[in-house]
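**Q** Just dropping this structure here.
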Amino acid sequence: MRRFFQALLLLVVSGGSVHAQLQKLTMEDAILNVRTKLAPANLSQLGWVSNTNSYYYVDTRLDDPTLFTGDDGILHDEKLISLSSINEKLRKQNADTLSKFPVVEWKNENTFSFFVGNKEYEYDKTKFGLYNTRILDMPDSADRKDTEPLTKRIAYTLANNLFIYDKGKVSQVTNESDENILCGTSVHRDEFGISKGTYWSPQGNKLAFYRMDQTMVADYPIINWQKKPAEVRMIKYPMAGGASHQVTVGVYDVASGKTIFLKTGEPKDQYLTNVAWSPDEKYVYIAVLNRDQNHMKLNRYSATTGELDKTLFEEKDDKYVEPLNPVLFVPGNDKEFIWQSQRDGFNHLYLYNTDGKLIRQLTKGEFVVTELKGFSKNGDRLYYMCTALSPLDRDLYYVTLAEGRMKRVSGDSGIHNCYYNPFNNEVLDVYSNVTTPRKIKLILPNGSDAKTLLTAENPLKNYNLGALKISSLTGKSGEELYTRMFLPPNMDSTRKYPVIVYVYGGPHLQLITNSWQGGQGDLWMYYLAQEGFIVFSLDNRGSYNRGKKFEQAVFRNCGTAEMEDQLTGVEYLKSLPFVDSTRIGVDGWSYGGFMTTSLMTRNPGVFKVAVAGGPVIDWSMYEIMYTERYMDTPQSNPEGYNKNNLLNYVKDLKGKLMLIHGTDDDVVVWQHSIMYLKKAVDVNKQVDYFVYPGHPHNVRGKDRVHLMNKITDYFKQNL
């Protein structure tokens, strides 16, 4: 059953006495300080000055945060201006000062700008001057601001309508009186790669925007318990199998002040995704997806008439198609574009012409392209991040458009985040792995290192932490399943330890990577290990960045394949001589809460204790776009919905289970866990329960310390 592909051990020890100097983490360290004093050192706002060979960053490690610039030709980066100097110049103009370094935008190689409130200031490094250049006279409540880079026009929303600010003049683009018709906002509940609702044309002459009609979607109550009496806030929440909202795309012409709507046709509850413009501003490209999410058409519409100009190609799948990225035109070539697709089993890059003809598939292999980083200056290469070396790593490659020749650019094994400069083909490379907290390097076009900008020290060197082990198992399906284990410090080989299995298990998330802390964002697992627990995670089938077959294993049956893989992990744990097989617990949130409750009740007796946060209990009560992709509708897949409805298994509960929910959860609505409690009462099963008043789908901020203490205490008491 077991096959180890690698074992990465991280033993955190200090350089001095292990007995006297090493500290224990507090919960505040694990949850709050992990993002401040216990975070690896970093350089803020790292990037390139456009059309130059200069990079810039803000060094926030200094007592007085300072903006630096540099290039490959100088040994020591140049100090440009500090926060205190900016504030001194602002005071001379009787302007408000800043508590932290502002976000800068470079105008040219000598000048950058930033905002203080609604006032834009420019700093010219050749004149050492700070000048107030623009005042944005917009309402304080202006939201979703989208600045067009050439004309500096700003699209924004007020309530449910869309406006444009242009040189002091405000134009109202939409005038919807019904608050359930929203313009300029993201749609389809941010699925399909959608994160905004406005799209400027390349020259800023037109604005494409979403219009979402939710009037047909059922109302759902969110209760504000702090009011006397409590108040109900109604939201629109489209549950699987029910009425979905209807979306159209408008195009506003700035010169004429007129809007036309693209004629995207029927049915009205289709999904309009991946909006993009042609370079000449004549066309809008949209990936139109049917509600069943198994048939996508890449359509091109006239930006002048709204008519469908052409369907370039279609993609179908017997499970689902999931377009996540818009067309990307090749620089200087308005006849060719890049399309990303999983059609061959993995997300790869395809070069098309505007007639819809495939020129060539650019990347191939059993790996996933995860992110595009940009074209070379003349458009002959495309740089991208991918998993070509390992699903645990992210590396920068480029591919030549003429031959499809791939080459790796980044060096060390780990998770890289790269900033590519088309001006000189140089790269700023930020990476970590399980033994490297963070390193930032400048990479030359030939792939060699020009210089190191930062090498972060281990912020945990003074803490008594155990080992982190990344490995793999072979599942019953034959798939390789990656695992992560946090071990207690100073382990006693003769002792048997309790285990907490931390699980997510759902699509679009990967828990385990070859990065600092193995991909874990906080220090809670190290904290649990300090308290005498082993903490184990496994990325089962259905999780991200493993290709279509691996991810689609959950189709129409969410919970089943995932549990099989998680139980493979449990079998492995039980085979270890230092694991107490009678004391295994499980914990997870959201999809992980669904998995936790599934594992506890559909496999009773395997786990002694479980904590499920924000759990999906009944998939028919979850949102349309996500649920119907993986489960189809309740009407077409009643067997799948019934099999994975956790209300059917409450009667089988053994051991201790605590459910946790935020009362204002508008993602996995509170009703899920309430109905579970009702069922537990009906079948005379005891369940522990805790709610966080006023919190949405997760518990953030200082209250998260309370949450993690509660979960930890529950495992201490019962495991």
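**Q** Using the 10 angstrom Cβ neighbour count as an exposure proxy, how do PHE68, PHE594 rank, fewest first? Don't jump to the answer; show the numbers that get you there.
**A** Working: PHE68 18, PHE594 30.
So the residues, fewest neighbours to most, are PHE68, PHE594.
**Q** Continuing with this model, one more query. Taking the number of other C-beta atoms within 10 Å as the exposure measure, put ARG91, ARG629, ARG704 in order starting with the fewest.
**A** Least crowded to most crowded, the residues run ARG91, ARG704, ARG629.
**Q** Under 19 Å Cα-Cα from LYS24, which aspartates and glutamates qualify once same-chain neighbours fewer than 8 residues away are excluded?
**A** LYS24 reaches GLU457, ASP492, ASP522, GLU531, ASP713.
**Q** For a test of the definition: using alpha carbon positions, the gyration tensor, and the 1.5 limit on a/c, classify the stretch 44-133 as rounded, prolate or oblate.
**A** Note, shape of the stretch 44-133 comes out prolate.
**Q** Loop-only trypsin sites (Lys or Arg not before Pro) in the stretch 107-167, please: DSSP not H, G, I, E or B, and at most 10 other Cβ atoms within 10 Å.
**A** Loop-located and lightly packed - LYS127, LYS167.
**Q** Give the residue list of trypsin sites (Lys or Arg not before Pro) in the stretch 349-442 that are DSSP loop and have at most 15 other beta-carbon atoms within 10 angstrom.
**A** On the way: sites: LYS357, ARG360, LYS364, LYS373, LYS377, ARG381, ARG394, ARG405, LYS407, ARG408, ARG438, LYS439, LYS441; in loops: LYS357, LYS364, LYS377, ARG405.
In loop regions of the stretch 349-442 (DSSP not H, G, I, E or B), the sparsely surrounded trypsin sites (Lys or Arg not before Pro) are LYS357, LYS364, LYS377, ARG405.
**Q** Can you flag which of LYS654/LYS716; LYS469/LYS548; LYS228/LYS710; LYS107/LYS127 are past 21 Å Cα-Cα?
**A** LYS469/LYS548; LYS228/LYS710
**Q** Using a/c under 1.5 as the rounded threshold, could you call the stretch 244-347 rounded, prolate or oblate? The axes a ≥ b ≥ c are square roots of the C-alpha gyration tensor eigenvalues, and prolate needs a/b larger than b/c, oblate otherwise.
**A** It is oblate, given that a/c is not under 1.5 and a/b is not larger than b/c.
**Q** While we're here: Remind me, relative contact order of the stretch 295-349 in percent, using alpha carbon pairs under 8 angstrom and six or more residues apart?
**A** Taking the mean separation of contacting Cα pairs over the length of the stretch 295-349, I get 23 percent.
**Q** I've got another one for you. How about LYS685: which aspartates and glutamates have a C-alpha closer than 20 Å to its C-alpha, ignoring those fewer than 8 places off in the same chain?
**A** Straight-line reach from LYS685, under 20 Å: ASP587, ASP618, ASP652.
**Q** A follow-up question, please. Straight-line reach from LYS227: which lysines have Cα under 22 Å away, leaving out those fewer than 8 places along the same chain?
**A** LYS236
**Q** Another one. Sort 92-99, 615-622 for me by packing, meaning the mean count of neighbouring Cβ atoms within 10 Å per residue, highest on top.
**A** Result, highest mean Cβ count within 10 Å first: 615-622, 92-99.
**Q** Cut-off is 10 Å between beta-carbons; in what order do ILE223, ILE31 appear when sorted fewest neighbours first?
**A** The most exposed by this proxy come first: ILE223, ILE31.
**Q** Would you mind putting 563-573, 173-183 in packing order, based on average other-beta-carbon counts within 10 Å, highest first?
**A** 563-573, 173-183
**Q** Does the stretch 438-541 come out rounded, prolate or oblate by the C-alpha gyration tensor, with a ≥ b ≥ c the root eigenvalues, rounded set by a/c under 1.5 and, if not, prolate when a/b is larger than b/c and oblate if not?
**A** Oblate, because a/c is 1.5 or more while a/b does not exceed b/c.
**Q** In whole Å, how far is the Cα centre of the stretch 631-659 from that of the stretch 301-324?
**A** Each part reduced to its Cα centre gives a spacing of 36 Å.
**Q** In the neighborhood of TRP200, defined by Cβ-to-Cβ distances under 14 Å, what is the net charge if each Lys or Arg adds +1 and each Asp or Glu adds -1?
**A** Cβ neighbours under 14 Å give a net charge of +1.
**Q** Shifting gears a bit: Show me 534-547, 448-461 ranked by packing, highest mean number of other Cβ atoms within 10 Å first. List each step's numbers first, then the result.
**A** Working: 534-547: 24.7, 448-461: 15.2.
Highest mean packing first, the order is 534-547, 448-461.
**Q** With a cut-off of 8 Å between alpha carbons and a minimum separation of six or more residues, what is the relative contact order of the chain in percent?
**A** Here the relative contact order equals 11 percent.
Values in this text are rule-based calculations from the coordinates and carry no lab data. Keep in mind that what you see is a predicted model, and the values were worked out from it rather than measured. Using ideal geometry, Cβ is built from the backbone for each residue, glycine included, and neighbour counts are taken over all protein chains shown.
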